[in-house]
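Accompanying notes for the structure given below.
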Amino acid sequence: MHFESIYYIKNRDMLLKNGSEGADVKKLQVKLGVESIGKFGPKTEAAVKAWQKANGLTADGIVGPGTWNKMFGTPTQETTIVKEDKIIPQPVASVGGLKIDKLRGHIPDSVISQISDTAAKFNITNNLRLAHFLAQCGHESGGFKAVSENVNYSAAGLKGIFGKYFPGNLAESYARNPQKIASRVYGGRMGNGPEATGDGYKFRGRGFIQLTGKNNYTQFSKFIGEDCVANPDLVATKYSLASAAFFFDSNKLWAICDKGADNATITAVTKRVNGGAIGLADRIKHFNEYYKLLS
């Protein structure tokens, strides 16, 4: 261990968004060149999105520490700066009450780096919700590895899983051709055009909980502020965790998560995510692991 003179920032999880008021909002509006009334409304949100997009940030219209510091190079006026001599071990981060750093070594760092921003946007307000969410994501993605749906099926696999789409010997001409398979299976539904358009493949499942279909990609794009319809691979790369949280939030799963940490609650969440209880034992195992770490 050693001592180092450092600065640390209180209230580092401050967010300015639609509905916020105060001196920081006014300062933001002056910077953006919109009317500086001190109240964050739709015009300010649109200006923030434009600024974020122009500066290589996620255009979500929300001003967190990353956007603020890139814009001004300093913490907010309402943030207290403290300078002191402090022992520097490896601190355990607690972001908005979420003890994210305790998950290191148990889930990939690439996932951990997305949690704080995702939690702020999608109502992951406590460690119970986070444990439920990560347990489902981890199982659905094979340990946070799969971010794009595998539709490379044999003829036998197609008949067993998607039998109604492949009557007779039709499966033989589609086998081991993911683009053709997804275009047929997902074509003409979920907002996708007919099979010939290829929409079924273009908007196949991506992210840790497999966002699927043009309608869902469109709704997610509107929320996140980036066009994932024009560039669907963003869901698999940049928004693998956020798209899964969007699914949880849109389907009101947090209310189920809030019921508790018992197996009955995990089962109820699983049925909403999976449509059944496939892999329940693994989901329970990971929930218990994550919840113990986060508690």
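The values are calculated or read from the model by the stated rules, or taken from the named source; none is laboratory data. Note that this is a predicted model, so its numbers are computed, not measured. No Cβ is skipped: glycine too gets one built from the backbone with ideal geometry, and neighbour counts run over all protein chains shown. Just so you know, the surface numbers come from the protein's heavy atoms only, side chains and all, with ligands and any DNA or RNA stripped out. Shrake-Rupley method; radii C 1.70, N 1.55, O 1.52, S 1.80 Å.
For n ≥ 4 DSSP H runs only, could you compute -39500 (n - 2.57) per run for the chain, divide by its residues and tell me the 222 nm figure to the nearest 500?
Taken over the chain, the calculation gives -13000 deg cm²/dmol.
Measuring from centroid to centroid over Cα atoms, what is the spacing of the stretch 198-238 and the stretch 146-183 in Å?
Spelled out, the Cα-based centre of one part sits 21 Å from the other.
Suppose a student asked you for the relative contact order of the chain, using Cα pairs under 8 Å spaced at least 6 residues apart; what percent would you report?
Taking the mean separation of contacting Cα pairs over the length of the chain, I get 17 percent.
Please report the Cα spread of the stretch 208-271 along all three principal axes, rounded to whole Å, starting with the longest.
Largest first, the stretch 208-271 extends 41, 17, 17 Å along its Cα principal axes.
Just how far, in whole angstrom, is the stretch 253-295 from the stretch 27-61 if you go by their alpha carbon centroids?
Cα centres, the stretch 27-61 to the stretch 253-295: 38 Å.
Which of the peptides 112-121, 152-161 is most tightly packed, and how do the rest follow, going by the mean number of other Cβ atoms within 10 Å of each residue?
112-121, 152-161
If packing is taken as the mean number of other Cβ atoms within 10 Å per residue, what is the order of 192-199, 238-245, 255-262, highest first?
238-245, 192-199, 255-262
Quick one: accessible area per residue over the chain, 1.4 Å probe, rounded to a whole number of Å²?
Accessible area per residue: 50 Å².
Counting only other residues whose beta carbon sits under 11 Å from that of K53, what net charge do I get with K and R as +1, D and E as -1?
-2
Which label marks the calculated value of semi-axes √(5λ) of the Cα gyration tensor in Å, given the options (i) 49, 20, 15; (ii) 31, 25, 17; (iii) 39, 26, 16?
Matching entry in (i) 49, 20, 15; (ii) 31, 25, 17; (iii) 39, 26, 16: (iii).
In the chain, what percent of the accessible surface is made up of carbon and sulfur (1.4 Å probe, ligands and nucleic acids excluded)?
52 percent
If you put +1 on each Lys and Arg Cβ and -1 on each Asp and Glu Cβ, how big is the dipole of the chain around its Cα centre, in Debye rounded to 20?
500 debye
Applying the Karplus parametrisation 6.51 cos²θ - 1.76 cosθ + 1.60 with θ = phi - 60° to the phi angles of the stretch 154-161, what ³J(HN,Hα) value in whole Hz is obtained for each residue in order, glycine and proline being reported as x?
Working through the residues one at a time gives 6, 4, 5, x, 5, 5, x, 9 Hz.
Just want the answer: with Cβ charges of +1 for Lys and Arg and -1 for Asp and Glu, which residue in G105, V229, C137 is farthest toward the dipole's positive end in the chain?
Among G105, V229, C137, the one farthest towards the positive end of the dipole of the chain is V229.
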